[in-house]
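Student: Supplied in structure tokens, the structure appears directly below.
The values are calculated or read from the model by the stated rules, or taken from the named source; none is laboratory data. Since this is a predicted model, take the numbers as computed values, not measurements. No Cβ is skipped: glycine too gets one built from the backbone with ideal geometry, and neighbour counts run over all protein chains shown.
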Amino acid sequence: MAARSGYSGVYDALSHAFRVSTFRPPNLTWTPYASAPATLVNGDKLGACVSATGVVTIYKNNVSVATVTLSAADKAFFNSRGGKVGLWTLLADEASFDDFGGGTVTP
């Protein structure tokens with residue numbers, strides 16, 4: 001099986017911050033980047049986008065709230081490979097997801 005790689009933009013509810021990390025072979029650990037302080041409340045929308053320049057932009061409710069610049073090595077590695085979007089709900093027992101099309105969610 002081929003080694004996996006990835007980049008992660010997450011909201012850490014315990015420390016009230018957005019975090020960006022990367023994972024690429026042959027490294028066996030995540031490479032963390034600086035966190036940006038933030039608080040999300042019910043109904044907020046979190047988004048992220050990475051550009052070919054290696055800049056990860058974090059969005060809260062469609063407004064850019066933080067940027068993180070990847071290292072030259074991470075930028076070179078990921079630019080030729082693309083990426084995938086995923087969801088993690090580790091330690092987020094009360095997290096819920098709507099239909100991503102708007103409207104109201106009743107937990």
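Student: Checking LYS60 against (1) out of contact with any Lys or Arg (no Cβ under 9 Å at 6 or more places or on another chain); (2) of a type in the set (Lys, Arg); (3) closer than 26 Å to ALA95 by Cα: exactly one of these is not met. Which one?
Tutor: With (1) out of contact with any Lys or Arg (no Cβ under 9 Å at 6 or more places or on another chain); (2) of a type in the set (Lys, Arg); (3) closer than 26 Å to ALA95 by Cα applied to LYS60, the lone miss is (1).
Student: In region 23-47, what residues are assigned to a strand (DSSP E or B) and modelled with pLDDT of 85 or more?
Tutor: THR31, PRO32, ALA36, PRO37
Student: Can you tell me how many residues within region 37-67 are touching a residue at least 24 places away in the same chain (Cβ under 8 Å), more than 19 Å from ALA13 (Cα to Cα) and surrounded by 11 or more Cβ atoms within 10 Å (Cβ to Cβ)?
Tutor: So the answer is 3.
Student: May I ask you to list the residues in region 70-92 that are basic (Lys, Arg), within 18 Å of ILE58 (Cβ to Cβ) and modelled with pLDDT under 85?
Tutor: Once the filter is applied, which keeps residues that are basic (Lys, Arg), within 18 Å of ILE58 (Cβ to Cβ) and modelled with pLDDT under 85, region 70-92 yields only LYS84.
Student: Another question, if that's okay. Of all residues in region 12-33, count the ones that are surrounded by 11 or more Cβ atoms within 10 Å (Cβ to Cβ), closer than 27 Å to ASN79 by Cα and without any contact (Cβ under 8 Å) to a residue 40 or more places away in the chain.
Tutor: Qualifying residue count for the region: 9.
Student: Which condition number does GLY43 fail, the rest of (1) touching a helix residue (DSSP H, G or I) at 6+ places or on another chain (Cβ under 8 Å); (2) under 19 Å from ALA92 (Cβ atoms) being met?
Tutor: It is condition (1) that GLY43 fails.
Student: Right, next: Look through region 1-17, keep the residues that are more than 15 Å from ALA92 (Cα to Cα) and of a type in the set (A, V, I, L, M, F, W, C), and return whichever of them is modelled with the lowest pLDDT.
Tutor: Among those residues, the one meeting the criterion is MET1.
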